[in-house]
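Scroll down for the structure; my scribbles are underneath it.
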Amino acid sequence: MERAPGHVVNVRDAPPWRGRRLVALPDLLLEAHDGGYAIVVNAASGARLKVSSGLYRILSSFRLPRTLEEAVEEAGDPRIAAGVDALLGRGLLMDADRPMPMAQPLRRAVPYRFCNAPRWAAPAAGDGFVVLGVPYDLGGPGHCRDAPMLIRQRSLDYAYLLDLDTHRPRGWFDAASGERILKGVPIADAEDVHVVYGEKQADTFARMETAMRHALGERSVPLVLGGDRSLCFVMARRLAMRQPLTVLQFAPDTTMAHGEGEVVTVRDVGRRMAALEGIVSCLTLGLRADAGAAVEAGEITVAAARARGLAETVHGAMMAKDVLLAVDVGVLDTSMPPEGNGFSLSEMRDLIDAVGRRHRIAGIGIFGLDAGGMTGGAVAGELLGIVACHLALYAMHGASCAWQGGP
Amino acid sequence: MMDGAGHLTLFGWPSAMANADSGRFCAIGVPSDHGNGVSRGAAQAPAAVRRAASHLASPRHQGVDLGDLAGCGAQDHDTVLVRLAALVEQVVERGLRPLLIGGDHSLTYAPALALQRHGDIGVVWFDAHTDFSPWSAGQGHSHKQVLRRIEALSGVARVLQIGYRGLTIGDERYLGETSTVVTTAQARALDAADVLRLMPPELPWYLSIDIDVIDPFHAPGTSAPVPDGLEPRWLGKVVGAMAGRRKIIGADVVEVNPRLDVGGITSAIAAELLRTIADAPGER
């Protein structure tokens, strides 16, 4: 029953399922239906599929296991055979006597796209960004799975538009620097990685890595919207295959704890990444004075960075040319009013600029946004969503500077 | 005309204009958020700001508080603006200076319209946004294009916009021949004396303070926050210098949204700014 991707059914061939008993997936629900289409939900996976009314009629004929000839009067019609093939291909029909284990989809649709940028369609040949949401937060204690949607929703205030004449991205005017950033830089949103809570972390990570492999062109830079910062592990593993890589994490507490189990956690992700092939160094910047554990090698507190100077701290670190920039938004001072415990957005911007001036930012991750867990409640969460948008765009600007000859 | 008789007044000021000395401030609450397309809640600000002000020492110069403009919730936005402009006109005729507690920022059109009829004025616009979105006749009036409409009034001789920041579609640093834009990044490098140099002393000035000019981690209770804003202390010093060294013919604090506030800290900052304005000796 399996066929290679891109296989085109020639209706004159006898399809491999001819004569076999087929059945509609037992977990299907009908969400919407009108004269033209139906939306079918796979209750087991949560996946939604839009099918034509014609396909839905064929699907309905297979409530009980039966062959095509038993189910449909016009079984000889090549359009019916093509419809059955499509239903099998989309996983709505299966072989009743040889059920295949259900394959998880790689990605899932999202209601908003980052800055309303175009939906990702194919790996790009040139420079550009691919946005990928990963609503996974079982590597730490925070509720960060809603963050991709929150960040995308807030990002709609920063609309991705094209220049009237060149048809290239306009970018945005940055009032602070007085320059236009990300001008001509394409962005595409590849939606969310499909996360199944309850499955092994390794399976989720494998799916994320596959999604990255599919979506990224050779020169694409991923912007991953987490999720918690354990996801940085997948980014590092993937990007280190291109070039030797330094991982620069901005995080409020240690990432260098010793692993205690098979799961990569927010506390040990730095140590685990440091052991990956192709990782030159792994640094964590922004630990609070009260982080709770002794500062490990490669970890720098907010106070130490300020004392040394932010740019000097970055430039003084031993880093590879390519840098994976991972920001856990908990590194920011989000107290109201600010107490100075974490970095301000302005300081974060200076730090990101310092990285972009000397290094090639190969990937960007925004992690750790727990909108509901903040002092200040939902308002603070929304605000942090806006701040996360700014961080992402500043980091993308820092990355694009390498393509455009420096800031 | 007014609501709130017998209720808490700003700084405990009396609520009748009759005995007020000329040149005093006259507080008016405008519980309206008709011009805010983002979020409801600014209509609750006059009450919240008065409550916050009750915890502050009274300013040196006593004003009056007429209460809230009545009926805002039952009238169209245009009607509210017309009535507010008429009330400001009455206040000016009594020799008093309007001190408005918004409400959303679209309401500033009313005092600007009324005050510029008496001669050329300058307008200081503290705001994270330039509020200069396109507008054409027949379009609903809102807080997104209010400054564009004010700048076009014949009696508005100067506009000083302070606090523009963030990532915007276009470069909004040029708003026309009569306008100067000081971005937040530029403002941080200026002290009060530098800012005063941008305000010709011969011109009477109206101060309009959108609370979102302040960093939203200091003042979260507002509907369109932009990160990395000004510190309240900087703003207080500059506003105090303006109130003390320039002829201020009126002022407002707008876009405080108690529904989005955290522990009332935004209302408290708004109250402190109103106190700073009222406390300054100022030219009257």
Next item on the list: Can you tell me which residue within the range A:335-348, out of those that are assigned to a helix (DSSP H, G or I) and facing chain B (nearest Cβ under 8 Å), is most open to solvent (accessible area, probe 1.4 Å)?
Entry: A:S346
Item checked: Residue under evaluation A:A103, criteria (1) touching an Asp or Glu at 6+ places or on another chain (Cβ under 6 Å); (2) aliphatic (A, V, I, L, M); (3) exposed (fewer than 13 other Cβ atoms within 10 Å of the Cβ), criterion not met -> (1)
Check: Considering the range B:92-113 alone, what residues qualify as being in contact with a Phe, Trp or Tyr (Cβ under 9 Å, 6 or more places away or on another chain) and either in a loop (DSSP other than H, G, I, E, B) or on the phi > 0 side of the Ramachandran plot (or both)?
Finding: B:L96
Notebook entry, point to check: What's the number of the condition B:T183 fails, among (1) open to solvent by less than 20 Å² (accessible area, probe 1.4 Å); (2) away from chain A (no Cβ under 12 Å); (3) within 30 Å of B:D261 (Cβ to Cβ)?
Noted result: (2)
Notebook entry, point to check: Before we move on, is B:Y206 open to solvent by less than 20 Å² (accessible area, probe 1.4 Å) and either acidic (D, E) or within 8 Å of chain A (Cβ to nearest Cβ) (or both)?
Noted result: no
Check: Can you tell which of A:R98, A:R20 is modelled with pLDDT of 90 or more and either small (G, A, S) or open to solvent by 60 Å² or more (accessible area, probe 1.4 Å) (or both)?
Finding: A:R20
Notebook entry, point to check: Which of the following residues is hydroxyl-bearing (S, T, Y), surrounded by fewer than 23 Cβ atoms within 10 Å (Cβ to Cβ), part of a loop (DSSP other than H, G, I, E, B) and touching a strand residue (DSSP E or B) at 6+ places or on another chain (Cβ under 9 Å): B:S15, B:S32?
Noted result: B:S15
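What strands (runs of 3 or more DSSP E), lying completely within the range A:172-239, carry at least 3 residues that are touching a residue at least 24 places away in the same chain (Cβ under 8 Å) and open to solvent by less than 10 Å² (accessible area, probe 1.4 Å)?
Details: elements: A:172-174, A:179-181, A:187-193, A:220-226.
Answer list for the range A:172-239: A:187-193, A:220-226.
Determine whether the range A:274-292 contains at least one residue that is among the acidic types (D, E), under 24 Å from A:D350 (Cβ atoms), over 22 Å from the mean Cα position of the chain (by Cα) and open to solvent by less than 30 Å² (accessible area, probe 1.4 Å).
For the range A:274-292, residues among the acidic types (D, E), under 24 Å from A:D350 (Cβ atoms), over 22 Å from the mean Cα position of the chain (by Cα) and open to solvent by less than 30 Å² (accessible area, probe 1.4 Å): absent.
Just the residues that are within 14 Å of chain B (Cβ to nearest Cβ) and within 21 Å of A:V110 (Cα to Cα), please, taken from the range A:129-168.
A:I151, A:Q153, A:R154, A:S155, A:L156, A:D157, A:Y158, A:A159, A:Y160, A:L161 - these are the residues of the range A:129-168 that are within 14 Å of chain B (Cβ to nearest Cβ) and within 21 Å of A:V110 (Cα to Cα).
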Note to self: Filter the range B:187-203 down to the residues that are within 24 Å of B:Y109 (Cβ to Cβ) and open to solvent by 50 Å² or more (accessible area, probe 1.4 Å) and list them by number.
What the structure shows: B:L198
Check: With respect to A:I352, is the statement that it is open to solvent by less than 20 Å² (accessible area, probe 1.4 Å) and in contact (Cβ under 8 Å) with a residue 12 or more places away in the chain true?
Finding: yes
Check: Applying the selection to the range B:90-134, what residues are surrounded by fewer than 18 Cβ atoms within 10 Å (Cβ to Cβ) and more than 20 Å from B:D212 (Cβ to Cβ)?
Finding: B:Q90, B:E93, B:R94, B:G95, B:R117, B:H118, B:G119, B:D120, B:P134
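The values are calculated or read from the model by the stated rules, or taken from the named source; none is laboratory data. For clarity, every value in this text was computed on a predicted model and none was experimentally measured. Because the Cβ atoms are built from the backbone with ideal geometry, glycine has one as well, and the counts that use them run over all protein chains shown. These accessible areas exclude ligands, DNA and RNA; they are computed on the full protein's heavy atoms, side chains included. Shrake-Rupley method; radii C 1.70, N 1.55, O 1.52, S 1.80 Å.
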